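Chemist: Below: one structure in structure tokens.
The values are calculated or read from the model by the stated rules, or taken from the named source; none is laboratory data. Please read these numbers as outputs of a predicted model, since none were measured by experiment. Every residue, glycine as well, gets a Cβ built from its backbone with ideal geometry; the counts of neighbours run over all protein chains shown. When the accessible area is computed, the model is the full protein with side chains, heavy atoms only, and any ligands, DNA or RNA have been set aside. Shrake-Rupley method; radii C 1.70, N 1.55, O 1.52, S 1.80 Å.
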Amino acid sequence: MTVSVANGSGRLQGKRALVTGGSMGIGEAISRKLAGQGASILIADLNAQEGARVIESLRAAGTKAEFITADVTKRSDWERIAEAAASHFGGLDILVNNAGVAYPAESSLTVSESAFDKVYNVNVKSIFHSVQTIFPILIDGKGGSVINISSIAALRPRGKLVWYNSSKAAVSNATKALAHEFGPQGIRCNAVCPVLVPTQLANNFVPTFENTEEGRKKAAELFQIPLGRLTTTDDVANVVLWFASDESSFITGMDHSVDGGRSI
């Protein structure tokens, strides 16, 4: 898969974006979507092999793109990400906190402490680190757009994924509070809330999920989605693009559901 970037054109022309977890699934779709509209892309991900694949493709299409191997739960890695943004791009305009994990649905009586720690470290603590390492860069640049990937589970939680749900609720809550705190510095913060996306994490939510046309249809029925299908990675990336662009310049502190009506 490649993206097409026209010289001097695009809704994000001249902007510089950091995407965590940007090498696969939703993150890859976001990286490609932003690049396709003219943004330079810095991907931070643990998967160096997949990261190299995406970066090579973006560069072949004319995008200025860089990759850094990083664990988003570690402050030292976030400091390296900030250094890479400064050295390669001279700053940032867009931050997409996409990296996230889940655990297989099970009784809250038996969820392991290590599973709890992992979802909070990856889904929540990573955003804490991003604020203290990346927000100063945005402030120096007179503002920017921060998009955190939350979940419809933050707004309409269900049992057996309680600690995943609550970690995403923390993401949505922090997004609003950060929008209030840093609005005067020109930083907009918004959250995107998908329902089930057929990526490598899908079986955590639906253990029997099969990524086939029939499997996706059954899952949409199980989740009672009025529009009758699951969220696609492009559905999420399209909303991220809007939040990243100047078209949403007066929008901040928002949870944007991308769920086909699931949350009605």
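Chemist: In the range 247-262, what count of residues is obtained for those that are over 19 Å from Lys176 (Cα atoms) and loosely packed, with under 14 Cβ neighbours inside 10 Å?
Modeler: So the first thing to find is which residues in the range 247-262 are over 19 Å from Lys176 (Cα atoms), and the list is 247, 259-262.
Still in the running and loosely packed, with under 14 Cβ neighbours inside 10 Å: 247, 261.
Residues meeting the conditions: 2.
Chemist: Restricting the search to the range 46-86, which residues are part of a strand (DSSP E or B), of a type outside the set (Phe, Trp, Tyr) and open to solvent by 10 Å² or more (accessible area, probe 1.4 Å)? It would help to see each step written out before you state the result.
Modeler: Pass one, the range 46-86, residues part of a strand (DSSP E or B): 65-69.
Going one step further and asking which of them are of a type outside the set (Phe, Trp, Tyr), we end up with 65-66, 68-69.
Those that are part of a strand (DSSP E or B), of a type outside the set (Phe, Trp, Tyr) and open to solvent by 10 Å² or more (accessible area, probe 1.4 Å): Glu66, Ile68, Thr69.
Chemist: Condition (residue is modelled with pLDDT under 95, hydrophobic (A, V, I, L, M, F, W, C) and either over 17 Å from the mean Cα position of the chain (by Cα) or over 17 Å from Ala85 (Cα atoms) (or both)) applied to the range 59-70: is it met by at least one residue?
Modeler: The first filter runs over the range 59-70 and keeps only residues modelled with pLDDT under 95, leaving none.
No, because not a single residue in the range 59-70 is modelled with pLDDT under 95, hydrophobic (A, V, I, L, M, F, W, C) and either over 17 Å from the mean Cα position of the chain (by Cα) or over 17 Å from Ala85 (Cα atoms) (or both).
Chemist: Then there is this: For the range 190-239, give me each residue that is in a helix (DSSP H, G or I), open to solvent by 10 Å² or more (accessible area, probe 1.4 Å) and touching a residue at least 24 places away in the same chain (Cβ under 8 Å).
Modeler: Across the range 190-239, the qualifying residues are Asn203, Asn204, Phe205, Thr233, Asp234, Asp235, Asn238, Val239.
Chemist: Related question: Answer yes or no as to whether Ser31 is of a type in the set (Ser, Thr, Tyr), assigned to a loop (DSSP other than H, G, I, E, B) and in the same structural domain as Ser245 (by the TED database).
Modeler: Working: of a type in the set (Ser, Thr, Tyr): yes; assigned to a loop (DSSP other than H, G, I, E, B): no; in the same structural domain as Ser245 (by the TED database): yes.
No, not satisfied.
Chemist: Still on this model: For the condition under 15 Å from Gly253 (Cα atoms) and within 19 Å of the chain's Cα centre (by Cα), what is the one hit in Ile81, Ile187?
Modeler: Ile187
Chemist: Given Gly21, Gly38, Gly8, Gly14, which one is surrounded by fewer than 18 Cβ atoms within 10 Å (Cβ to Cβ), on the phi > 0 side of the Ramachandran plot and modelled with pLDDT of 95 or more?
Modeler: Working: Gly21 fails: surrounded by fewer than 18 Cβ atoms within 10 Å (Cβ to Cβ); Gly38 fails: surrounded by fewer than 18 Cβ atoms within 10 Å (Cβ to Cβ); Gly8 fails: modelled with pLDDT of 95 or more.
After ruling out the rest, the residue left standing is Gly14.
Chemist: So Ser114 clears everything in (1) of a type outside the set (A, V, I, L, M); (2) free of Cβ contacts under 8 Å to residues at least 24 places away in the same chain; (3) buried (at least 19 other Cβ atoms within 10 Å of the Cβ) except one condition, right? Which one?
Modeler: Every condition holds for Ser114 apart from (3).
Chemist: Would you mind stating whether Ser31 is modelled with pLDDT of 95 or more, under 17 Å from Val146 (Cβ atoms), of a type in the set (S, T, N, Q) and under 19 Å from the mean Cα position of the chain (by Cα)? I'd like the intermediate steps shown before the answer.
Modeler: Details: modelled with pLDDT of 95 or more: yes; under 17 Å from Val146 (Cβ atoms): yes; of a type in the set (S, T, N, Q): yes; under 19 Å from the mean Cα position of the chain (by Cα): yes.
Yes; evaluated as a whole, the condition is true for this residue.
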